[in-house]
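Participant: Sharing a structure, written as structure tokens. Questions coming.
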Amino acid sequence: MNVLLETWDTPFGLPPFGAIRDEDFGPAFDEALTRARAAIAAIAEGPGTGIAEVIEALELAEGDLDRVSGVFYNLAGADSTEAREALMRELAPKMSAFSSEVTNNKALWAKIEALWQGREGLGLSPEQLRVLELYRQMFVRSGAALEGAAAERLTQVKSRLAVLGTAFSQNLLADERGWFMELPEADLAALPEFVQAAARAAGEERGSGPVVTLNRSLVVPFLQFSPNRALREKAYEAWVARGANGGETDNRGIAAEILALRGERAALLGYPDFASFKLEPEMAKTPEAVRDLLMRVWAPARSKSLEDAAVLEAMLKADGFPGPLEAWDWRYYSEKRRKAEHDLDEAALKPYLGLEAMLGAMFDCATRLFGLEFREIEGPFYHPDVRGWEVTRGGNHVAVFLGDYFARGSKRSGAWCSAMRGQRKLGGEVRPIVVNVCNFAKGNPCLLSYDDARTLFHEFGHALHQMLSDVTYGFISGTNVARDFVELPSQLYEHWLEVPSVLEAHARHHETGEPMPADMLERLLAAGTYDQGFATVEFVSSAMVDLEFHTGTPPADPMQKQAEVLEAMGLPRAIRMRHATPHFAHVFSGDGYSSGYYSYMWSEVMDADAFAAFEEAGDAFDPATAAKLERFILSAGSSEDAEALYLKFRGKMPGVEALLKGRGLLDAA
């Protein structure tokens, strides 16, 4: 037997990582696909036509495939090897073909449609009705109602998109892995000690002296603190050129083909463009609604960023440079300005934000809000850096939580939350195995920036959404919700990092154990909206380019279209998109955030309003409000429409004002 297909006699049913070899995955996928095909054929061709024989049987039909996929795709993103990358390329068309087989199965589709048409006489529970509705929606949007050539072409399009998305991700990882810049001793010495330590650690991984890499947790501090303008320019231009360096890893042609195929996919399904297709099941519903939100935020953010740019350019000129202010100057002069205006020095702040301290803060908030307890457990896990915790409540097992926090060459960039196993009750209670992955610069100890600490809390908000899920069907559990609703729990959880009592208790110096000085804490919180003009412009420009790529006729030249969109918006010279097209993995590595990058901001409108519910209760840890949050948001998955769930929690839908206030942009509106 293949270890991936055996019953795992391990604590909490964790994958037996120490026994799994790369060569096990290919045969395991083949066998799991064979079993899934047989199970689905039995559903489609069998006599059963009820909800249990069709929908509930479908829920359980791919159990082995889900289990193998849960392990493999987590490892492929967080600890890639050549063998795993090769298998990802091989699997992309295979998995797409399997998905199309299921949704193109006319007998299966006929049973689902018959259930839907006769739903009123079936005595379904609200959750069963919701699951039936979403299964039908998935089949329709996958082309189940198409016939003949149109159905065949849609299958081809989806298969090619899967291949291209995998290629885009792997090209990006190759560019990030392949570039580094050695730091001469004089330039190293000009950096704060925590940046020096990260540069040394990155060099050791490559068998060299201190280096700057394209990992955000290293390149951003370098851009903040290096006084060498020429080196800042070199590092910045390499960072933004990922995926656009020519040769085999260039993503520009891939992006163009992806956009063309998405346009064709939408047309085959009867939509005017891909954005209209993609946004239909989301909270936003239409491209017009997304554009309206983004432009309402854009105007005040741009105005504030131009004011800030004028101040930073004056600082540049005072240093003897003629100007103008460039993108590789912004972070450096903004950091100097922050220190001058808020007396806030990140180098002085980081010793109080050690990873261990911030993990303690993160867990403590979850204990105070939801009664969760965290007990560290032993591995082995999939990499020596990974740590694990059993999560319990009232003595009962809730979940296993894995944290993988340090940057390495085998890990794709960014931060994310995933589940090796999701929650469900159908077929017996299944509790989740949830993974948070970050890319913090490894140090001894690991010291975080405030932005890193915010990322830690953000991803754990997603983890809570998975861990507290309490539904019957895996199809609607945890983060299986509308894309522009999924960021609500994560962005909301960031607010607890800003609660003074949390930092007072946990922000302690990693050497002395002394709490963060009261005046430093006050300055940190007072600077919470500092440089939000820059951050908002950087984000909204990316979201608008994503939206316009997918609205109307797909552009033949995405780079030209990107330039046209940014020019029409009036993007300030010294700010660029947070994610330029050739490395915009959110949009091009898969369909997840395509036409959907706006969703962070859509969710932010709600997260600002949701935290206000705690403020109105007079306590950031108000038990009644926390209970409502868990009941209607964190445990509910997609058991109801997202807007209906939010209304049950808050009683009303918020306006954009809460977001502008939270970013300090209300006066600029």
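Participant: Take the range 367-403 and flag every residue that is crowded, with 19+ Cβ neighbours inside 10 Å and not in a strand (DSSP E or B).
Facilitator: Leu369, Phe370, Leu372, Phe381, Tyr382, Val386 - these are the residues of the range 367-403 that are crowded, with 19+ Cβ neighbours inside 10 Å and not in a strand (DSSP E or B).
Participant: Would you mention how many residues in the range 432-474 are assigned to a helix (DSSP H, G or I) and among the hydrophobic types (A, V, I, L, M, F, W, C)?
Facilitator: Number of matching residues: 7.
Participant: Within the group Glu152, Glu147, Glu176, which residue is of a type in the set (D, E, K, R) and touching a strand residue (DSSP E or B) at 6+ places or on another chain (Cβ under 8 Å)?
Facilitator: So the residue among Glu152, Glu147, Glu176 that is of a type in the set (D, E, K, R) and touching a strand residue (DSSP E or B) at 6+ places or on another chain (Cβ under 8 Å) is Glu176.
Participant: Sticking with this structure for a sec: Among residues belonging to the range 142-162 that are under 18 Å from Ser276 (Cα atoms) and of a type outside the set (A, V, I, L, M), point out the one that is surrounded by the most Cβ atoms within 10 Å (Cβ to Cβ).
Facilitator: Gly143
Participant: Would you please name the residue that is nearest to Arg368 (Cα to Cα), looking only at residues in the range 603-643 that are of a type in the set (A, V, I, L, M, F, W, C) and modelled with pLDDT under 95?
Facilitator: Out of the qualifying residues, it is Ala612.
Participant: When the residues of the range 114-141 are narrowed to those that are surrounded by fewer than 16 Cβ atoms within 10 Å (Cβ to Cβ) and among the charged types (D, E, K, R), which ends up nearest to Ser589 (Cα to Cα)?
Facilitator: Among those residues, the one meeting the criterion is Glu133.
Participant: Would the range 436-457 turn up any residue that is in contact (Cβ under 8 Å) with a residue 24 or more places away in the chain, among the acidic types (Asp, Glu) and surrounded by 23 or more Cβ atoms within 10 Å (Cβ to Cβ)?
Facilitator: Yes, because at least one residue in the range 436-457 is in contact (Cβ under 8 Å) with a residue 24 or more places away in the chain, among the acidic types (Asp, Glu) and surrounded by 23 or more Cβ atoms within 10 Å (Cβ to Cβ).
Participant: To continue, here is another question. Can you name every residue in the range 13-39 that is touching a Lys or Arg at 6+ places or on another chain (Cβ under 8 Å) and either surrounded by fewer than 17 Cβ atoms within 10 Å (Cβ to Cβ) or at pLDDT below 95 (or both)?
Facilitator: Once the filter is applied, which keeps residues that are touching a Lys or Arg at 6+ places or on another chain (Cβ under 8 Å) and either surrounded by fewer than 17 Cβ atoms within 10 Å (Cβ to Cβ) or at pLDDT below 95 (or both), the range 13-39 yields Gly13, Asp22.
Participant: Just for the range 414-448: of the residues that are of a type in the set (A, V, I, L, M, F, W, C) and under 14 Å from Arg216 (Cβ atoms), which one is modelled with the lowest pLDDT?
Facilitator: This residue is Ala441.
Participant: Being touching a residue at least 12 places away in the same chain (Cβ under 8 Å) and within 21 Å of Arg35 (Cα to Cα) is the filter; apply it to the range 1-12 and report the residue that is surrounded by the most Cβ atoms within 10 Å (Cβ to Cβ).
Facilitator: Leu4
Participant: Okay, next question. Could you name every one of the helices (runs of 4 or more DSSP H) located completely within the range 477-568 that has at least 3 residues being of a type in the set (Ser, Thr, Tyr) and within 21 Å of His579 (Cβ to Cβ)?
Facilitator: 532-549
Participant: Working only within the range 628-669, note down all residues that are touching a Leu at 6+ places or on another chain (Cβ under 9 Å), over 30 Å from Ala299 (Cα atoms) and among the hydrophobic types (A, V, I, L, M, F, W, C).
Facilitator: Leu629, Phe632, Ile633, Leu634, Ala636, Phe649
Participant: Here is a further query. Is one or more of the residues making up the range 602-623 assigned to a loop (DSSP other than H, G, I, E, B), in contact with a helix residue (DSSP H, G or I) (Cβ under 6 Å, 6 or more places away or on another chain) and of a type in the set (Asp, Glu)?
Facilitator: yes
Participant: Moving on to the next point. Give me a count of the residues in the range 627-657 that are exposed (fewer than 14 other Cβ atoms within 10 Å of the Cβ), of a type in the set (A, V, I, L, M) and either within 27 Å of Leu294 (Cβ to Cβ) or in contact with an Asp or Glu (Cβ under 7 Å, 6 or more places away or on another chain) (or both).
Facilitator: Counting residues in the range 627-657 that are exposed (fewer than 14 other Cβ atoms within 10 Å of the Cβ), of a type in the set (A, V, I, L, M) and either within 27 Å of Leu294 (Cβ to Cβ) or in contact with an Asp or Glu (Cβ under 7 Å, 6 or more places away or on another chain) (or both) gives 2.
Participant: Ok, one more. Being in contact (Cβ under 8 Å) with a residue 24 or more places away in the chain, among the charged types (D, E, K, R) and not assigned by TED's automatic domain parsing to the domain that holds Ile51 narrows it down to one of Arg136, Arg160, so name that one.
Facilitator: Exactly one of Arg136, Arg160 is in contact (Cβ under 8 Å) with a residue 24 or more places away in the chain, among the charged types (D, E, K, R) and not assigned by TED's automatic domain parsing to the domain that holds Ile51, namely Arg160.
Participant: Which pairs do you get when a residue that is among the charged types (D, E, K, R), found in the range 328-351, comes within reach of a residue that is assigned to a helix (DSSP H, G or I), reach meaning Cβ atoms under 6 angstrom, with the pair 6+ apart or on two chains?
Facilitator: Here the result reads Asp329/Leu316; Arg331/Leu223; Arg331/Gln224; Glu335/Gln224; Asp343/Arg523; Asp345/Lys339; Lys350/Phe194, each pair linking the range 328-351 to a residue that is assigned to a helix (DSSP H, G or I).
The values are calculated or read from the model by the stated rules, or taken from the named source; none is laboratory data. None of these values were measured; they are calculated from a predicted model. With ideal geometry, Cβ positions are generated from the backbone for all residues, glycine too; neighbour counts draw on all protein chains shown.
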